[in-house]
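Chemist: Let me give you the structure first, and then I'll get to my questions.
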Amino acid sequence: MKYRIGVDVGGTNTDAVIISENNKVIAKTKTFTSSDVISGISKAISEVIASSKINTDDVSHAMLGTTQCTNAIVERKKLEKVVTIRLAGPATHAIAPYCDWPSDVESKINESSYIVDGGYEYDGSILCEINETEIIDIVKKHQDTCHNYAISCVFAPVDSQQEERVREIILEHDKQAIISISSEIGTLSLLERENATILNTALSSVIKNVVSGFKQSLSNNKVTTNAIYLCQNDGTLMDVDYALKYPVLTIASGPTNSIRGGIFLTDQSNGIILDVGGTTSDIGVVVNGFPRETTIESEVGGISTNFRMPDIVSIAIGGGTIIKEMNNEIIVGPESVGYELSSKAIIFGGDTITLSDIANKLGYASFGDSSKLDKIDLDFAKRTMQQVKKQIEEAIDLVRVNNEKGELIVVGGGSIVIPQEYDNVNSVLKPENQDIANAIGASIAKISGTFEGLVSFAKQPRDIAIEKAKEVAYENAIQAGAIAQSLEVVEIEEYPIAYHPEDAVKLRIKVVGELAS
Amino acid sequence: MIKIDEQFLSYAVIGAAVLGTGGGGDPKIGYLMAKQAIEKYGPIDLISVDELKDTDISGTVSMMGAPSVTLEKIPNGAEFGTVIDAMKKYGNTKLDAIYPIEAGGLNSMIPIVAAATLRLPLLDADCMGRAFPELQMITQSIFDVPNTPIVLCHEKMDPIIVNAKKPKDMENYCRALTMAFGGSAMMSECYVDKETLNKFAIKNIITKSYNIGKTIKTSDNPIDDLVNEYGAFHLFDGKITDLLRTYEGGFNKGRILINSFDEKNNFEIYLQNENLVAFKNGDVIAMVPDLICILDFQTKMPITTEVLKFGQRISVIAFKCDEKWRLDKGLELVGPRAFGYDFDYTPIEDLGGKK
């Protein structure tokens, strides 16, 4: 029998799970996330291996879901300096790079930025040719101080050749350069894609540490497999070499793993999942086994980006959520006692009413000191739970795609503190092992590849255009470590472009397949 | 005279997006362009029409084209100088003040960029008081003030003068040029003196945008304040339960169905780039050219048509259009029949909307 290890590093907990090749949970553990992160991962792996009693040589794959990259951006720590080059010729000078960034993070990252010759029109024709000497001059200017580059280009999602050529030129003159190009990172909308590309380069050393730390933790625990993966935010995996190139894709992989884990544990392929934590709950939708992706821009640490992200609504409801009453109205959150639940909540002898106290009062859960619950009025508790129910129902409405009632799958450590019935769902499913849904999500992830770009159906027939796009998606998936024969198309999306004379659509195709071992 | 600085901008862009009635482009690009221009060249003067000298000449700058192209191919910022210089030369005119053509996320901000770059004052007036999809849908048309010639250019700074006799030809030529420019164009038109401006201008529109934006951002009860202080009508609150979108003849068309939170009432909005007609429980309650604006229920921030979603909680408010649009010639241009509806215009205040 072969086994997989899945590890999920969250803000509070590091969870690990061992799962057999026929997808049975063999062992699980929950430890605190350590400040250096790596020792926490190492501890979780050692605990889960010990309790599983398996032979570490039988571990075929190891997967890590991590919030390290998200945290680096939010906390403005460990980020690299970046030289930004935008290929745009005469266009785009009205908004320079970093125009919409918070200044504290700009000053940490911006080494220098340039708008130089280059760029395409919407139909892929040339807006302006690139000027090689211009690029070489920039590289020479920075060769002693900075080797990190982010390249963006007008309409790069339509044609990536200029960005690729500029990457070659930089590497010819600076062998150690680390370069991200925007066509490999994000979709249409120059500023957001450029921002994501800059962040991707800025995260290059963070991801190096995560990868080497995970490898080290595995070898410390005598896990010898070379099949080591990181989780992406679409519920699929990337091998470590790919992860080193695209660290930005790990952002928001945590909620994605919980969603995927919840779906797996309930044996569903479609549904709405609620992941209840200590401070917030995330709610998302699974379509054909994968989280639905958002189509609008999203913010990371105050920077707007447009690389794909799961479409998730976060609400301020969790075990530590503070409950107040003002003018006869119950106020649920958004403040939370967070990790101080065990000292501040009423049931733990504190003086702050939390959702955990209310849940215990109503008999949803039983932990802490129930004798303290006399302080809470039963009617107040009932009204609070009504309010929580209403807020969760509103969030369910926000992520639903139609008026059909479905199942709500509830996972996460905080799931014991919320109501068990909602007017807009048929039933609530709460599977076994739901407390480690995120680590399970990491261990069962698949491999994907995508195509995204503008296609003119007037220039080539729709079926041929889609076929060509599929080829690109397949190639990307195989590069990321998928078995070619197992690949299947899970998503084809077409958005028509307004005012376009040639029947152009923004086409997006995603394929998913099994891991090569 | 008021100084337009970054703070003023941040409120004005929100109000402009409200008055854009679902269209008028994504406010973000416009805001960032204006922000960079003011950072670089300093705050600009906002003046009223009354502050103009009789001999002063005022003209518009605006953008035409696909909002999705502008998100990728952002303007250079110097196009304004090019179109204005070309107009001065061709029309043998001068330019003393700039005014916006319409209210909307992008076209309210573009004149601010031009005014900052060229160090000209911005005029607190426009010629729609909202956003409309076509070139000839401006108040000049009501008073037979020609909007020709129009100068267009893009980032390559090749100005092209378009001077057709019929408004519809004007629209067609400009749209064709815009496509040749790669999908978006900067333009300048309607250079007029103070007397002519006084015939058609919709005044205080930028101040109105600022006031609406500031109310939304700073008031505890934005909708109540908009109703009491700025004449808004609060039409409906509810949840989007159906969303139908089609793409016909170069326009985004659609229908939005909204249910009240207690599910006892329903509301429908029909749109073509902008929100055009609204029905409550089957009865028409507001129609073009009055303004129908969709706001987020929680934040009361304006929502443009492209980002409407199933399940979204929204508030619908309305404003009276400018009185000029209610003249016969105005309604001929932008009344419900001009958009293919088989009924005559009824002002919003006569349709039973809650004030």
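The values are calculated or read from the model by the stated rules, or taken from the named source; none is laboratory data. Remember, it's a predicted structure, so these values are computed and weren't measured experimentally. For neighbour counting, all protein chains shown are included, and Cβ atoms are generated from backbone atoms with ideal geometry for every residue, glycine included. Ligands, DNA and RNA are excluded from the accessible area calculation, which covers all protein heavy atoms including side chains. Shrake-Rupley method; radii C 1.70, N 1.55, O 1.52, S 1.80 Å.
Chemist: Angle, helix B:79-91 long axis vs. longest principal axis of chain B, Cα atoms, 0 to 90°, nearest 10?
Modeler: 60 degrees
Chemist: Extent of the protein assembly as shown along each principal axis, from alpha carbon coordinates, in Å, largest to smallest?
Modeler: So the extents along the principal axes, rounded to whole Å, are 90, 71, 49.
Chemist: Something else now. Is chain A best put as rounded, prolate or oblate by its Cα gyration tensor, with a ≥ b ≥ c the root eigenvalues, rounded for a/c under 1.5, and otherwise prolate when a/b is larger than b/c, oblate when not?
Modeler: Prolate is the answer for chain A, as a/c is 1.5 or above and a/b outweighs b/c.
Chemist: Please enumerate, by chain and number, the lysines with C-alpha under 16 Å from the C-alpha of A:Lys459, excluding those fewer than 8 residues away in the same chain.
Modeler: Excluding near neighbours in sequence, the set is A:Lys468, A:Lys506.
Chemist: What percent of all Cα-Cα pairs in the stretch B:246-305 falls into each 10 Å bin, going from 0 up to the bin containing the maximum distance?
Modeler: 21, 50, 27, 2
Chemist: If you look for lysine pairs in the stretch A:125-222 that are eight or more places apart or on different chains, how many of them have Cα atoms under 22 Å apart?
Modeler: 4
Chemist: Based solely on its DSSP helices, what 222 nm [θ] is calculated for chain A when runs of n ≥ 4 H residues each add -39,500 (n - 2.57) and the sum is averaged over all residues, nearest 500 deg cm²/dmol?
Modeler: Per the formula, -9500 deg cm²/dmol.
Chemist: If you don't mind, there's one more thing I want to ask. Are there any residues in the stretch A:86-117 with a reduction of at least 20 Å² in accessible surface when going from the isolated chain to the assembly of protein chains? Probe 1.4 Å, please list them by number.
Modeler: Residues of the stretch A:86-117 that lose at least 20 Å² of accessible area once the other chains are added: A:Pro90, A:Ala91, A:Thr92, A:His93, A:Ala94, A:Ile95, A:Cys99, A:Asp100.
Chemist: Additional query: What translational diffusion coefficient, in µm²/s and rounded to a whole number, does the Stokes-Einstein relation yield for chain B at 37 °C and a viscosity of 0.692 mPa s, taking the hydrodynamic radius as the Kirkwood radius over Cα pairs? List each step's numbers first, then the result.
Modeler: Values: Rh = 20.3 Å.
This corresponds to a translational diffusion coefficient of 162 µm²/s.
Chemist: In degrees, nearest 10, range 0 to 90: what is the angle between the Cα axis of helix B:167-180 and the longest Cα principal axis of chain B?
Modeler: 80 degrees
Chemist: Follow-up. To one decimal place, what orientation-averaged projected area in nm² is obtained for the convex hull of the Cα set of the stretch A:232-356?
Modeler: Numbers: hull surface 41.7 nm².
Across all orientations, the stretch A:232-356 yields a mean hull projection of 10.4 nm².
Chemist: A further question on this structure: On a straight-distance basis, which aspartates and glutamates could pair with B:Lys166 in a cross-link, Cα separation under 15 angstrom, same-chain partners fewer than 8 positions away excluded?
Modeler: Output for B:Lys166: B:Glu134, B:Asp144.
Chemist: Then there is this: What is the Cα radius of gyration of the stretch B:182-319 over 2.2 N^0.38 Å, N being its residue count?
Modeler: 1.20
Chemist: To the nearest 20 debye, what charge dipole does the stretch A:1-107 have about its Cα centre, counting +1 at the Cβ of each Lys and Arg and -1 at the Cβ of each Asp and Glu?
Modeler: Taking the Cα centre of the stretch A:1-107 as origin, the dipole is about 200 debye.
Chemist: Still on this model: Taking the Cα centre as origin and putting +1 on Lys and Arg beta-carbons and -1 on Asp and Glu beta-carbons, what dipole magnitude results for the stretch A:309-410, to the nearest 20 debye?
Modeler: The calculation lands at about 160 debye.
Chemist: Still on this structure, please answer the following. Out of B:Leu333, B:Thr305, B:Ser315, whose Cα points farthest toward the positive end of the dipole of the stretch B:305-355 (charges: +1 Lys, Arg; -1 Asp, Glu; placed on Cβ)?
Modeler: B:Ser315
Chemist: Assigning unit charges at the beta carbon (Lys, Arg +1; Asp, Glu -1) and nothing else, what dipole magnitude in debye, to the nearest 20, does the protein assembly as shown show about its Cα centre? Please report the intermediate quantities before stating the final value.
Modeler: Working: 84 positive and 119 negative charges, 210 e Å.
Approximately 1000 debye in magnitude.
Chemist: Follow-up question, since we're still on this one. Given H placed 1.01 Å from N in the peptide plane, which residues other than close sequence neighbours of A:Ile26 have an amide H under 5 Å from its amide H?
Modeler: Amide H to amide H, under 5 Å and 5 or more residues apart or across chains, A:Ile26 pairs with A:Ile18, A:Ile19, A:Ser20.
Chemist: Can I ask one more? On a 1.4 Å probe surface of the protein chains, which of A:Glu394, A:Glu329 comes out largest in accessible area, and what is the full order?
Modeler: Reading off the accessible areas and sorting them downward yields A:Glu329, A:Glu394.
Chemist: Using the charge dipole of chain B (Lys, Arg: +1 at Cβ; Asp, Glu: -1 at Cβ; taken about the Cα centre), state which of B:Leu122, B:Ala176, B:Gly254 has its Cα farthest towards the positive end.
Modeler: B:Ala176
Chemist: Please list the three semi-axes, largest first and in whole Å, of the ellipsoid equivalent to the stretch A:369-495, using sqrt of 5 times the eigenvalues of its alpha carbon gyration tensor.
Modeler: Details: eigenvalues 416, 84, 23 Å².
Each semi-axis is the square root of five times an eigenvalue, giving 46, 20, 11 Å.
Chemist: Residues of the protein assembly as shown: accessible area per residue at 1.4 Å, in Å²?
Modeler: That works out to 39 Å² per residue.
Chemist: Follow-up. Label the stretch B:103-201 by shape, choosing from rounded, prolate and oblate, from the square roots a ≥ b ≥ c of the eigenvalues of the Cα gyration tensor; if a/c is under 1.5 it is rounded, and otherwise prolate applies when a/b is larger than b/c, oblate when it is not.
Modeler: Here the stretch B:103-201 falls in the oblate category.
Chemist: While we're looking at this one, here's another question. State the answer as a single residue: which of A:Ala484, A:Ala445, B:Ser10 lies farthest towards the positive end of the charge dipole of the protein assembly as shown, with beta carbon charges of +1 for Lys and Arg and -1 for Asp and Glu, about the Cα centre.
Modeler: A:Ala445
Chemist: Okay, moving on. Would you please classify the overall shape of the stretch A:203-269 from the alpha carbon gyration tensor, given that a ≥ b ≥ c denote the square roots of the eigenvalues, rounded means a/c under 1.5, and beyond that prolate means a/b larger than b/c while oblate covers the rest?
Modeler: On the way: a/c = 2.53, a/b = 1.41, b/c = 1.79.
It is oblate, given that a/c is not under 1.5 and a/b is not larger than b/c.
Chemist: Which of the peptides A:432-441, A:139-148, A:232-241 is most tightly packed, and how do the rest follow, going by the mean number of other Cβ atoms within 10 Å of each residue?
Modeler: Going by the mean number of other Cβ atoms within 10 Å, highest first, we get A:432-441, A:232-241, A:139-148.
Chemist: To the nearest 10 square angstrom, how much accessible area does B:Ile202 have with a 1.4 angstrom probe?
Modeler: Ignoring ligands and nucleic acids, B:Ile202 comes out at about 10 Å².
Chemist: Considering just Cα atoms, how many Å³ per residue does the convex hull of the stretch B:199-254 enclose?
Modeler: Numbers: hull volume 9.1 nm³, N = 56.
So the per-residue Cα hull volume is 163 Å³.
Chemist: While we're on this one: To the nearest 0.05, what FRET efficiency results for B:Met1 and B:Lys309 with a Förster distance of 30 Å applied to their C-beta separation?
Modeler: E(calc), rounded to 0.05, equals 0.10.
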